[in-house]
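For reference, the structure is listed below as C-alpha cells.
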Amino acid sequence: LYPSKFVDICNVLKKSGVKIEVLDEKKMKSLGMSALLGVAQGSVRPARVMIMHWNGSSNKKEKPISFIGKGVTFDTGGISIKPSGGMEDMKWDMGGAGVVAGLMYTLALRKAKTNVLGAVGLVENMPDGNAQRPGDVVKSMSGQTIEVLNTDAEGRLVLADVLWYVKEKYKPKLMVDLATLTGAIIVALGDRYAGLFSNNDKLADQLYESSKETNELIWRLPLDKDFDKLLNCQIADMKNITGTRGAGSITAAQFLKRFVGDVAWAHLDIAGTTWSKKGTDFSRPGGTGFGVRLLNNFVKKHYG
C-alpha cells in the first residue's frame, strides 16, 4: 500500500457524505511541511496529506473535533535502517491513519450529529540516495527546527506538520492523534493497552471512560517538563530523539505536544494494539482496528 493508494481506497467514504481533500507534495512544500516531506524524500512514492470532513452539526460553522493519524505506509527506518527480522510487519505503520479513516466512515454511516475532521499524513520511509540523513535539520510548518538524529523516529515528524496544519487552519475544539509511534509503549503495556498522553484532564478522562466501555483499553502516562527538556538541542529548537534509553514513549509525546499549542489534545500510542498475529475477540489476524470503537463511543457520548 502506498500513500496515493491509501487515498484511492478512502474515496469510498464520499458515497457516505464525507468530503475529502488531498494535499500533494507541491502544496505541502508551499505550506512549509518540511518535517513531513523530509521523511518521504527517500521514496519514489510521493507523500500525501488527506483531510476528511464530516459535517453533521445543524450549525455548519461549528468548530470541528479532530482526529489525526500517522500513515507511514511502509517503514524501513530510512538510513537508520531497522533490523531485517520482522521488517515485513512494518506495513502496519499506517495503523493510526487507518483508524482515523475507519472512524470517519463509522461516523458518516451512523450520521453523527457533529462536525468532525480527520487528517492523515501519508508517507513511505525508504533509504535511497536522496533519503534524509541522521544529522539533517528540518524546519517544520510551525517554524520550529528539528535535528533528525534518527530517521526511524519518523512518525513524530509526520505528525508535527499535520497537527500544526489542523490547529492553524481549522481551529478545532480538540485534537486526538493516533500513531504506532514507539516500540517503548509495547515494552510498557504489551498488546493489551495503548498509551494515552494528554494536556487536558477532562479529555483524558472521557477517553479513558470510553476505553473501559468498549474494552479497547488505554492507560494514561505522564507528560512532564523534565522529560521535555531531554529534547532540547544545541543546533535546532529540538531533536527528534533524546539519545537516552528511558521514557521513549513519553518523550515522543512531549515532542508532539510542541505542535498543538493550547488546543485540548490527546495522543494515543497504539504500536502494541494495532496488529495481532493471532487475532482478537473482535478481529481476525492482522489489523485490529483498535481505536475505532473507542473513539466512535467517545464522539457519540459527548458530541452526538
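Some observations on this one:
- Leading residue by the ranking (most open to solvent (accessible area, probe 1.4 Å)) among those in the range 248-285 that are modelled with pLDDT under 95 and under 30 Å from residue 111 (Cβ atoms): 284
- From the list 81, 51, 146, 65, the one residue that fits, being farther than 20 Å from residue 257 by Cβ, at pLDDT 95 or above and within 20 Å of the chain's Cα centre (by Cα), is 51.
- Set side by side, the residues 129, 143, 85, 77 differ, and just one is part of a loop (DSSP other than H, G, I, E, B), more than 30 Å from residue 302 (Cβ to Cβ), of a type in the set (Gly, Ala, Ser) and open to solvent by less than 30 Å² (accessible area, probe 1.4 Å), which is 77.
- Selection within the range 179-195 - on the phi > 0 side of the Ramachandran plot and open to solvent by 50 Å² or more (accessible area, probe 1.4 Å): none
- Pairs, first more than 20 Å from residue 248 (Cα to Cα) and of a type in the set (Lys, Arg) in the range 147-171, second part of a strand (DSSP E or B) and at pLDDT 95 or above, C-beta under 8 Å, six or more apart: 167/175
- Here residue 108 meets each of (1) touching a Ser or Thr at 6+ places or on another chain (Cβ under 6 Å); (2) of a type in the set (A, V, I, L, M); (3) over 21 Å from residue 258 (Cβ atoms); (4) open to solvent by 20 Å² or more (accessible area, probe 1.4 Å) with one exception, condition (4).
- Among the residues of the range 221-244, not a single one is closer than 26 Å to residue 150 by Cα, open to solvent by less than 20 Å² (accessible area, probe 1.4 Å), touching a Gly at 6+ places or on another chain (Cβ under 6 Å) and at pLDDT 95 or above.
- Within the range 1-32, tally of residues that are within 19 Å of residue 287 (Cα to Cα) and hydroxyl-bearing (Ser, Thr, Tyr): 1
- Test: residue 156 is surrounded by fewer than 16 Cβ atoms within 10 Å (Cβ to Cβ) and of a type in the set (Lys, Arg): no
- Members of the range 23-77 found to be within 20 Å of residue 176 (Cα to Cα) and acidic (Asp, Glu), listed by number: 62
- Here residue 216 passes the criteria (1) open to solvent by 20 Å² or more (accessible area, probe 1.4 Å); (2) assigned to a loop (DSSP other than H, G, I, E, B) except the one numbered (1).
- Flag for residue 91 being open to solvent by 30 Å² or more (accessible area, probe 1.4 Å) and touching a residue at least 60 places away in the same chain (Cβ under 8 Å): yes
- Of the helices (runs of 4 or more DSSP H) lying entirely inside the range 2-53, those containing at least 2 residues that are touching a Gly at 6+ places or on another chain (Cβ under 9 Å) and open to solvent by less than 60 Å² (accessible area, probe 1.4 Å) span 3-10, 34-40.
The values are calculated or read from the model by the stated rules, or taken from the named source; none is laboratory data. What you see is a predicted model; the values in this text were computed from it and never measured. Ideal geometry is used to build each Cβ from the backbone, glycine not excepted, and the neighbour counts take in all protein chains shown. Accessible surface areas use protein heavy atoms only, side chains included; no ligands, DNA or RNA. Shrake-Rupley method; radii C 1.70, N 1.55, O 1.52, S 1.80 Å.
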